[in-house]
1. Can you tell me how region 2-80 classifies by the Cα gyration tensor, rounded, prolate or oblate, using a/c under 1.5 as the rounded cut?
2. Treating only the Cβ atoms of Lys and Arg (+1) and Asp and Glu (-1) as charged, compute the dipole magnitude of region 2-80 about its Cα centre; round to the nearest 20 debye.
Amino acid sequence: MLAYIQLLYEVEREARQGNLNPEQRRELRQTKSRPILEDIENYLQTEKPKVLPKSPIGEAIVEWPDRKLQTSARRAFWLSSGFIRAHQHSPKQPPR
């Protein structure tokens, strides 16, 4: 799972280092981030039957459909909006 998240951050790093404008960032997310998010969904569906439902990972995977419904609109907006950055603050400075 962490490898998938790292891949998403690499896409955002590519956008930042390339000084992409919002439209270019949106296109990059559509071509690179969307497949990663789809892979995450497939991974969770595959792992769900393999884990104990009361284990920490099992509880996270079992709760995933509910969280998916809550976050799907935000994820769709993020994928379709190039003007929103993954993190608006520096990693060295906590958000206010």
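Read the figures in this text as sums done on the coordinates, not as results from a lab. Because the structure is predicted, anything quoted here is derived from the model rather than measured. Note that each Cβ is placed from the backbone with ideal geometry, even for glycine, and that neighbours are counted across all protein chains shown.
1. Numbers: a/c = 3.11, a/b = 2.16, b/c = 1.44.
Prolate shape, in that a/c is at least 1.5 and a/b is the bigger ratio.
2. Details: 14 positive and 12 negative charges, 27 e Å.
With only Lys, Arg, Asp and Glu charged at Cβ, the dipole is about 120 debye.
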